[in-house]
Structures are given as structure tokens and as C-alpha cells.
1. Give me the percent of accessible area attributable to carbon and sulfur for the protein assembly as shown, probe 1.4 angstrom.
2. Check each residue of the stretch A:16-52 and keep those whose accessible area, probe 1.4 Å, is at least 20 Å² smaller with all protein chains in place than in the chain alone; give them in order of residue number.
3. In vacuo Debye scattering of the stretch C:2-270, one point per C-alpha: log10 I(q)/I(0) at q = 0.07, 0.08, 0.09, 0.17 Å⁻¹?
4. If you take the alpha carbon radius of gyration of the stretch C:145-218 and divide it by 2.2 N^0.38 Å, what ratio comes out, to two decimals?
5. Taking chain C as a Gaussian network, Cα atoms linked when under 10 Å apart, which of C:39, C:121, C:91 shows the biggest mean-square fluctuation?
6. Can you list the residues of the stretch C:52-67 that have at least 30 square angstrom less accessible area with all protein chains present than in their chain by itself, probe 1.4 Å?
7. Using a simple charge model, +1 on the beta-carbon of Lys and Arg, -1 on the beta-carbon of Asp and Glu, nothing else, what dipole does the protein assembly as shown show about its Cα centre, in debye to the nearest 20?
8. How much of the DSSP beta bridge set in the protein assembly as shown is antiparallel, as a percent to the nearest 5?
Amino acid sequence: MYAQMVDTGVRSVKGQAEMTTEERAFQARIDADIRIEPKDWMPEAYRRTLIRQVSQHAHSEIVGMLPEGNWVTRAPSLKRKAILMAKIQDEAGHGLYLYSAAETLGITRDQMVADLHSGKAKYSSIFNYPTLSWADIGAIGWLVDGAAIMNQIPLCRCSFGPYARAMVRICKEESFHQRQGYDIMLSLSRGTAEQKAMAQDALNRWWWPSLMMFGPPDAESVHSAQSAAWKIKILSNDELRQRFVDQTVPQADYLGITMPDPDLQWNPERNHYEFGAIDWSEFMEVLKGNGPCNRDRLATRVKAWDDGAWVRDAAMAHAAKRASRQQVA
Amino acid sequence: MANEWPLWEVFIRSQHGLAHKHVGSLHAADPEMAIRNARDVYTRRNEGVSIWAVRSSDVVASSPGDKEALFEPANSKIYRHPTFFPMPEEVKHL
Amino acid sequence: MGAGIDTAVDTATDAEMDNERRLFDYLLRLGDSPLVLAQRLGEWVGKGPIIEEDLALTNVGLDLIGQARLWLSFAGEVEARYAGKRRDEDQLAFLRDSGEFRNLLLVEQPNGNYGDTTARQFLFDAWHLLVLRALADSADPRVAEIAVKGAKEVAYHVERSGDWIIRLGDGTDESHAKMQAAIDGLWMYTGEMFRADATELALVDAGVAADVRALEAPWRQTVEALLAEATIAVPASGFMQGGRGRGGKQGVHTEHLGHLLAEMQFLPRAYPGARW
């Protein structure tokens, strides 16, 4: 899940009686599954929440390029290098689609970037973990993209038109991402003893952070009710997390690697896997900025942006020069 | 910040002969860059054979408040739709 | 049947074997430059000046990797025709040392700032397009086929990089200064692009290789016209690196290539024989 714990700015969901006429009409449209478009009337809290959610999602795509970019120059074959570059390029595209969707809500991309760089806006906690071996590239595709897709498919039906349309495009393009990750894991698990160990080590490090991607347990999610009423959050954190575990455990079995969770077991009555307790204190620390890579990731983004300022300015200056020459001619 | 590249709307015509379709937006400093960026951003999977890029600020849009005035009259002109005219089954190619 | 093939190999003349050796070397020259440049572009991933540029630059890198793979795969096939070994694209890319690389010195130069990267790209693209177009008429059908495919991609590369030279050259004072410095700094690596050694000349005579000596004039025409539009001064043709048959095409590189390869080749070197 690329957008975690999005603040809705409201303390409780309003009942019909508390709503203004406009709010009631707005909620009725959402309840009838009619998409909200940028120029339609919307409650200010809805607009602000969406800006937070969509921009956070966009930032996650852009920051998410860095842990994988860490291995582009060291990919072990030309084919893997090309696939990885194409995948990271897709993520740049997805960031761009999402920034564009947020821009329809009346915020500029520059403002969103400034908010990311100042620490005001967040991105997914998962990208604050390091990619230490090539197997991590496999694990990210398999687990992180797997978790993201699980969250993003329902969002194709969300209430805000531009966000839903961006999600449709993203889901279409992303179908190969998870597969390429699993394909890397497959090669490693069929490889040498060292490669198998590499795959196991990557799973050990990425499993729990992947489960944390879905956000805190439903009972502790303050803003979920409002987001659900607005249909910008379709399924609950725990629901998605359970689906993810159920889907992923057999895939790990097939690879012949072991989930780093001694409590993991199939419950035939519930028809689900039971899994051990998630260490939410780690999650909170990463959110606070104390993950292994928070500082590096943000510093890299800020440097790229600052280093590019003269390039962006030059392009604008040149465009202005050309426009004025055309007017003279 | 005042120097942000302007926003462009991108329209792409696919190979199937359909009209240009809005696919999304992007930032570009000038028209050539808008077309090239559109090619690199929105046709990575052979999506199109022709690109239009329009400055977002140049798009004139209807406002949602006018929806009734603009679109409801069309609802009463169902004769514009071919299914309005039932044809005898024996008559072909119509 | 097998005996027939053996006979053919046995009776292959030394001259024919020499031609195959030269072709192998030439294919490395064609493949190593896009490979090394793509590796450099890979260093930019996620760090471009704006997302749109990140996407565009990666597209160029992807095209170049694709071309490198075609040339190197073919090189491996050619080598197998005269040597007792068969190397695939990855063995050629990841298990040769810098002295065996045949890329141009220009493409191994570090990324520097975005102006340096753009200048390196444009100077190479303009040359690359001329070479690939000339190779479309190669007497070797495989060479011609790969060149035709590549030329379509590179025609776009040179337009894109050329546009950026103009924007940065004729942009702000700062960008103008940076672009001029970038062109000045890289100019001395352009000389070897138009020098042909005995390996290349023999293949030119056979109608297989492009005669780069004939490409200097059209290259200068393209580059000078574009630099003029970009308000960038053409550097005075001074000393050129890679002369006296001791350039990238002969495997004599700058210090930068060794570091680039150390990074690129790390995994296959650290885990010999592993499949990825």
C-alpha cells in the first residue's frame, strides 16, 4: 500500500442530519457510484484528503525508484538490466500519472515536491529499507509490488475520477512488475546454494515490512471510516493484509524458502493463514524518520531536484526566448 | 517555484483508427518537448501512432453547473440514435 | 554430413579466418559503445532533473541496451565460427576486462552534470546515426539488419539530445556556460570516431564496415549547425585522444572504464557460473 495512514482531517463521519444540502448531494453521488470529477463541488476535507493520499502515493512511486535504482548498474545480465530499467521507468510514469491526478485538485507538482522535501508529505515506509543484495530486487517485485497491486486494484473503483483512471492505467502496466520479481526469486531458488541463501535472506528482511505496508490494524485506524465513506479506501487494512498473506505463503513454499514467522500456520476453519504479531513499534519508528534509509532517500531526492534546477530554468528561459522571437517575426 | 514547466494535456490516436483520446497530462517547457515527453511517457507500450498535446490552460471546458442546459436537451432527441427506427426484419443492410 | 562440415572448416583459408576475427572485433566495437553508454545512463535512473526527463533518458538507455545485446549476440556467433568457444551476450558483457572492450572513449566519460550527459549523448548520437545508416548497406545481411533497426531508434535519440543542447546552450547564462564547458571538455574524445585502423579498413574493403573517415564531414556539418543554433562555440580542433591506434577501439581506455566495469560486472564475477 503506497498511501498509509492518510489523515482525513475529520474526527468522525458526519451523519445525514449534520450534513449541508451540498454535502448530502455529494455523498448521495458517491453512494450511487457516480464518479466525482475535478470541477464538481466537493467538501474541502475530501479535496485535502485526496491531495494528501494521491500525492503520498505519487511520492512513493518516485522515492520507490531509488532502492531498485541502487541495482540497475549491477544487474547480473543484460536482460535483467533492461527489465529492471523498464520497471523503474514505469514507476516514474506512475508517479507522473498520480501527480497529474492530484494537480486536478488545485495543487501544483512543484508544491507537492516541496512538501515531500520539507518532510511535510510522506511516502510509503517500505522504501526506507535498504536493498543489500540482488535478491532484494526480486523480493521487492514479488512482495512489495504484490502488496501494492492488492491495494491498487480496488482503487480503480474509487470515487475520484482522475485517481481511478490513473489507477486503471497503473494496474494495467504493473501486471509485469510482480512477475519479474517472482521470476528473479525463481532463478535464485533454482541456483547455487549461495543464491538460495540470498533469496532466503531477502525474504527474511522484506516479509515483515511488506505486511506493515498495509498500515496499522483496523481497530487503530483513525481515518479509515471517513475514507471508506468517501470511497477513496475500498478495503480495510486487515482485509488486504490477510489476502496478501494467503496469496503469498504458497508462493514462498513453491520457491522452497521459509517465511520468517514461527507462528505462521494454516487455519482450516477460518480458511486463512494465521500469522504472528507485527512489531508496530518498528513501523512507527520508520514513519518518524528512523528507518535505515529515511535520510538517504530524502537527501537523494532533494539533491536530484536541486541539481536539476538550472536545467528546468534553462528550458523555461529558452521557451520564453523563442516565444518572443516568434512574436517579433 | 514560479518557474514550473506548464502542464499539457495529451491525446493519443491508437492504431485502430479511433479518434484521439485523452490519456493524461505532463509538464513540458515548449511544444516540441511536450510531444517528445508524451511519446516517452504515454506510448511506452506501442499505444499510439499520433499525439496531440494541448496546453492545459488553453482547454475550454464546460462547467458542471451547465450540465443540465448543455446535455439534457440531447436526452429528448432520441431520434438521433439509430435504434429509434425499428426496421422490418426482412430489410437488410440498414 | 558432419564430415562435410569438418572438411569445410579444415579448408577455410587463413584469409577467411582473419576476416571472421576482424568481424568479431568490429561487432564488439558496434556493441560496446551502446552498452557502456547505457550503463552510464543507468546511473541517472531516479535522479533526473524532472520525472519526464527520467522517463525519456531511460528510453534511450533501453534502446541502447537492446542494440548492444543484438551486436554482442552476433559477435558471439561469429567468434564460434573460428574459435573453439561460444560466448553469449552476457559472457561478453560481464567477463571481459577493460582491455578487451572496444567502445569509444567518449561514452565511458562520467555523467557529470546534466549538460555533460547531454553533450556526450548528442556528440555520440550524431555519429551513431551516420554509422548505422551507412551500415544499412553492409554486405553482411545480419549487420545491415541490426543497423536498420537501431537507426530508427537513434534518429529519435539525436533529435532529443540536439533539442536539449539548444535549450541549455540558449537558455540561461548559467546553462550556457555549463553547456559550453561540457562540449569543450568532451571534444577531444570525438577524434577517434573518424579514425579507421587496419581491422576496420579491411572490413570497409569487404563492404561490411562503415567507412568512418567519410562520416567526419557530415558529422561536423550536423554538429556545427546545431551548436550554432545553441549559441555554443565549436571548439578549436586541437589535440584528440585515442590517436596512433591507441584508443577505445583498440582497447586502450581512460581510467573511468575500469570502475564502470567493476560495478557492472560485480555479480557474475563474484559468483562464477551462477545463472540469474
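1. 54 percent
2. A:39, A:40
3. Scattering profile of the stretch C:2-270, log10 relative to I(0): -0.25, -0.33, -0.41, -1.42.
4. It is 1.45.
5. C:91
6. Those residues are C:52, C:55, C:58, C:59, C:62, C:65.
7. Values: 78 positive and 95 negative charges, 160 e Å.
With Lys and Arg at +1 and Asp and Glu at -1, about 760 debye.
8. Details: 15 of 16 bridges.
Approximately 95 percent, going by the DSSP bridge assignments.
The values are calculated or read from the model by the stated rules, or taken from the named source; none is laboratory data. Computed from a predicted structure; not experimentally measured. In this analysis, Cβ positions are derived from the backbone assuming ideal geometry, glycine residues included, and neighbour counts consider all displayed protein chains. Just the protein is used for accessible areas: all its heavy atoms, side chains included, with ligands, DNA and RNA removed. Shrake-Rupley method; radii C 1.70, N 1.55, O 1.52, S 1.80 Å.
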